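K.L.:
The structure is given below, and queries will be raised subsequently.
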Amino acid sequence: MCCIKAFVFDITISERFEHLDTYLVTGGAGFIGSQLVEELLKRGVRVRVLDNMTTGRATNLAPFLADIDIRQADIRDADAVRAAAAGTDVIFHQAALASVQRSVQNPLVTNEVNVTGTLHVLEAARAAGVRRVVFASSSSVYGDTPTLPKIETMTPEPLSPYAVSKLAAERYCLVWAGVYGLPAVALRYFNVFGPRQDPASDYAAVIPRFASAILSGRRPTIYGDGEQSRDFTYIANVVGANMAAANAPAEVSGAFNVAAGERITLLELVAHINQLAGTNLTAIHEPARSGDVRHSQASIQAIGEMLGWQPSVSFDQGLRATVEHFREALK
């Protein structure tokens, strides 16, 4: 079951935000977390951030420091998580070690952060009486099954320790909803991209790596033949899905895909970026990596019906904005 009960919203998302509410964003200094922080501040609510700054960057929060409550701590520290959750109304749980390859290299740490850390968040949320937890899950839980598009009712087939950790954490969220009455939504992100992603990281996502390389006059590296495809999802759409999930009626808990609902190959992606950059650089091919899936595409019917969400920014619009961001950054 992907969900517990369906509702159709009869008011806008923004109307449901109470200005006296406090929202906790774990991993709030990260790529997605910091953009959630920015959107929440625009909505006039109080924002608290919990981040150990391992993968998050202080520069992501620099424009908002005067307006947020920052707690620098690790989600593996149960006491710190409990203190951060106290007095909050909604928790956006974004903190994670988000890399398939890193999980292959160090599965125990991935499990500690992504699974045990999530349990700390759920228990802290229960103790604090928060009204909802929104958890950042991943499309990797589906694995490499040939059926496309991926639908929430499919049997998960994770291929990496990272994918297993996300599925386990997701299931814990739904058990806490069913057993303890803590409403929880798990959002299965599909290949999120946009400004603030770090192209220099060893675990950087493909679009910032490709854009940074091509704009610098370097050939991008593809692991495999480049015919693998992804459902790339622009960050503004992910933020919108989180806002919708935060304001779902209390009866709604479940796992939902967050995606564009379409896919392109990595070779097509290189061509798109070349066109935007005014270049013609071909890719360097390296052997395919363990744990990577071949094709990924989501059905977004369930989240549209249950949460009233649809992507508002197209892939082409998002890619253009992202390439321009990295062009300016390189200057």
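K.L.:
Residues Arg196, Arg209: which one is at pLDDT below 95, open to solvent by 10 Å² or more (accessible area, probe 1.4 Å), within 21 Å of Leu97 (Cβ to Cβ) and in a helix (DSSP H, G or I)? Walk me through how you get there before you give the answer.
P.N.:
Numbers: Arg196 fails: in a helix (DSSP H, G or I).
Result of the check over Arg196, Arg209: Arg209.
K.L.:
Taking the conditions exactly as written (in contact (Cβ under 8 Å) with a residue 60 or more places away in the chain and among the charged types (D, E, K, R)), does Glu305 satisfy them or not?
P.N.:
Working: in contact (Cβ under 8 Å) with a residue 60 or more places away in the chain: yes; among the charged types (D, E, K, R): yes.
For Glu305, the condition - in contact (Cβ under 8 Å) with a residue 60 or more places away in the chain and among the charged types (D, E, K, R) - is met.
Okay, residues lined up against (1) aliphatic (A, V, I, L, M); (2) open to solvent by less than 10 Å² (accessible area, probe 1.4 Å):
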site	(1), (2)
Leu108	yes, no
Leu148	yes, no
Glu157	no, no
Ala169	yes, yes
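K.L.:
Consider the range 56-92. How many of its residues are over 26 Å from Arg126 (Cβ atoms) and surrounded by 17 or more Cβ atoms within 10 Å (Cβ to Cβ)? So that I can check it myself, show each step before the final result.
P.N.:
Taking the range 56-92 as the starting set, the residues that turn out to be over 26 Å from Arg126 (Cβ atoms) are 57-67.
If we keep only those that are surrounded by 17 or more Cβ atoms within 10 Å (Cβ to Cβ) too, we end up with 60-61, 64.
Qualifying residue count, the range 56-92: 3.
K.L.:
Under 7 Å between Cβ atoms, which residue pairs at least 6 apart in sequence (or on different chains) link something in the range 60-77 that is over 19 Å from Pro195 (Cβ atoms) with a partner that is part of a loop (DSSP other than H, G, I, E, B)?
P.N.:
Hits for this filter: Gln72/Asp51; Gln72/Asn52; Gln72/Met53; Ala73/Asn52; Asp74/Asn52; Ile75/Ala95.
K.L.:
Taking the range 83-100, which residues are outside any loop (DSSP other than H, G, I, E, B) and among the aliphatic types (A, V, I, L, M)? Explain how you work it out, then say what you get.
P.N.:
Residues of the range 83-100 outside any loop (DSSP other than H, G, I, E, B): 83-85, 90-93, 100.
Within the range 83-100, Ala83, Ala84, Ala85, Val90, Ile91, Val100 qualify.
K.L.:
Test Pro156 against the criterion of being modelled with pLDDT under 95 and more than 13 Å from Ala298 (Cα to Cα), and give yes or no.
P.N.:
On the way: modelled with pLDDT under 95: no; more than 13 Å from Ala298 (Cα to Cα): yes.
No, not satisfied.
K.L.:
Check Val133, Val121 and return the single one that is hydrophobic (A, V, I, L, M, F, W, C), within 19 Å of Val25 (Cα to Cα), open to solvent by less than 20 Å² (accessible area, probe 1.4 Å) and not in a helix (DSSP H, G or I).
P.N.:
Val133
K.L.:
Right, next: Mind listing whichever residues of the range 39-55 are open to solvent by 30 Å² or more (accessible area, probe 1.4 Å), assigned to a helix (DSSP H, G or I) and without any contact (Cβ under 8 Å) to a residue 40 or more places away in the chain?
P.N.:
Applying the first criterion (open to solvent by 30 Å² or more (accessible area, probe 1.4 Å)) to the range 39-55 yields 39, 41-44, 46, 48, 52-55.
Right, trim to assigned to a helix (DSSP H, G or I) and you get 39, 41-42.
Once the filter is applied, which keeps residues that are open to solvent by 30 Å² or more (accessible area, probe 1.4 Å), assigned to a helix (DSSP H, G or I) and without any contact (Cβ under 8 Å) to a residue 40 or more places away in the chain, the range 39-55 yields Leu41, Lys42.
K.L.:
Filter the range 170-192 down to residues that are in contact with a strand residue (DSSP E or B) (Cβ under 8 Å, 6 or more places away or on another chain) and among the aliphatic types (A, V, I, L, M) and give me whichever is farthest from Ser253 (Cα to Cα). Before the answer, list the steps.
P.N.:
In the first step, residues of the range 170-192 are kept if they are in contact with a strand residue (DSSP E or B) (Cβ under 8 Å, 6 or more places away or on another chain); the result is 170, 173-174, 176-177, 182-192.
Subsequent filtering for residues that are among the aliphatic types (A, V, I, L, M) retains 174, 177, 182, 184-187, 192.
Working: Leu174: 7, Ala177: 7, Leu182: 9, Ala184: 5, Val185: 5, Ala186: 8, Leu187: 11, Val192: 22 Å.
Per the criteria, the residue is Val192.
K.L.:
In the set Val109, Val179, Val121, which member is in contact with a His (Cβ under 8 Å, 6 or more places away or on another chain) and farther than 21 Å from Asn257 by Cβ?
P.N.:
Working: Val109 fails: in contact with a His (Cβ under 8 Å, 6 or more places away or on another chain); Val179 fails: in contact with a His (Cβ under 8 Å, 6 or more places away or on another chain).
None of the other options fit; the residue is Val121.
The values are calculated or read from the model by the stated rules, or taken from the named source; none is laboratory data. Just so you know, these numbers come straight off a predicted model, no measurement behind them. Every residue, glycine among them, receives a Cβ derived from its backbone with ideal geometry; neighbour counts consider all protein chains shown. Just the protein is used for accessible areas: all its heavy atoms, side chains included, with ligands, DNA and RNA removed. Shrake-Rupley method; radii C 1.70, N 1.55, O 1.52, S 1.80 Å.
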